[in-house]
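**Student:** Structure provided below as structure tokens; questions to follow.
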Amino acid sequence: MKRIGLAVACVPVALMVAGAAPAQTYPSKAVRIIVPYPPGGTSDILSRLLSPKLNETFGQPIVVDNRPGANGNIGAELVAKSAPDGYTLLLPVFSAHGQGRSPACGDPTPSQTEGPFFKAGTPERTSFIEPGTTAARLVITGQVLSARGCRPVPNAVLEFWHSDDRGEYDNNGYRYRGHQRTDQQGGYRIETIVPAAYPGRTRHIHVKVQAPGRRVLTTQLYFPNDPGNRRDGIYRRELEMKMIDAGMAQFDFVVDA
């Protein structure tokens with residue numbers, strides 16, 4: 001995967017810059033990677049995908065330490081004040097902008113029909129996992145960005161809903177339905193299941209996004225390489241999520257804000 005490859009390439013550079021220990025003895029103890037953003041974001045996911053591989057390569061524990069705040073400055077300052085011995089590293093900020101098939105900043109995310117199964121009044125939550133479910137898990141992360149300057153949009157409301165693992169919607173309750181607000185970096189994270197397709201539609205997830213004081217964007221997200229995509233007249237390739245790993249997806253919404 002391109003993003004993982006980029007991260008692997010950046011880590012040795014960080015080691016060379018920060019490392020004062022002789023090459024033949026480094027590392028001789030645990031290495032701490034500071035992620036200057038909250039858990040669940042692109043940088044956090046990448047660091048946790050990288051750490052087992054770096055552990056195998058270096059033969060030492062790799063500790064991921066999230067230090068969010070001040071738009072990344074808190075984590076950066078912590079690393080700057082640490083001993084210059086190569087054991088406290090700052091993970092470069094990996095933005096999902098332009099990665100995968102999310103629209104580039106400046107191009108608002110295309111709108112799509114809400115379909116017949118939208119239901120107002122959903123609970124505020126970030127996990128749709130039902131007790132006892134055996135369905136495949138899916139975590140989606142990303143940001144809400146302004147088309148004007150590509151800035152993060154904090155406190156935007158995102159509402160998600162989709163079918164269950166049998167292709168059915170819960171119209172009586174709120175299973176696989178809910179809303180949340182973006183954090184100060186415009187980030188969101190939703191933990192759910194992989195929905196089943198149903199007759200006439202490919203696998204998809206419905207979303208409404210509203211920046212503070214702006215109109216609602218209604219759209220849908222799709223899975224890359226799903227066989228049903230070719231047969232679905234509503235499907236749009238630019239609304240495919242980027243699959244980071246099995247069970248992990250990413251998509252940035254670009255809105256008029």
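**Student:** Mind listing the long-range amide H neighbours of residue 64? Cut-off is under 5 Å, sequence gap 5 or more, other chains count too, H placed in the peptide plane at 1.01 Å from N.
**Tutor:** For residue 64, the qualifying residues are 33.
**Student:** From the phi angles alone, apply the Karplus equation (6.51, -1.76, 1.60; θ = phi - 60°) to the range 124-134 and give each ³J(HN,Hα) in whole Hz, x where the residue is Gly or Pro.
**Tutor:** 7, 6, 10, 10, 9, 5, 8, x, x, 5, 10
**Student:** Let me ask something additional. In terms of the Cα gyration tensor, with a ≥ b ≥ c the square roots of its eigenvalues, is the range 137-255 rounded because a/c is under 1.5, prolate because a/b exceeds b/c, or oblate?
**Tutor:** On the way: a/c = 1.75, a/b = 1.49, b/c = 1.18.
Because a/c hits 1.5 or more and a/b exceeds b/c, the range 137-255 counts as prolate.
**Student:** Could you state the orientation-averaged shadow area of the convex hull built on the Cα atoms of the range 175-221, in nm² to one decimal?
**Tutor:** Details: hull surface 17.3 nm².
Approximately 4.3 nm², given one-decimal rounding.
Here, each number is a calculation from the coordinates, and none is a lab measurement. Computed from a predicted model, the values in this text were never measured in an experiment.
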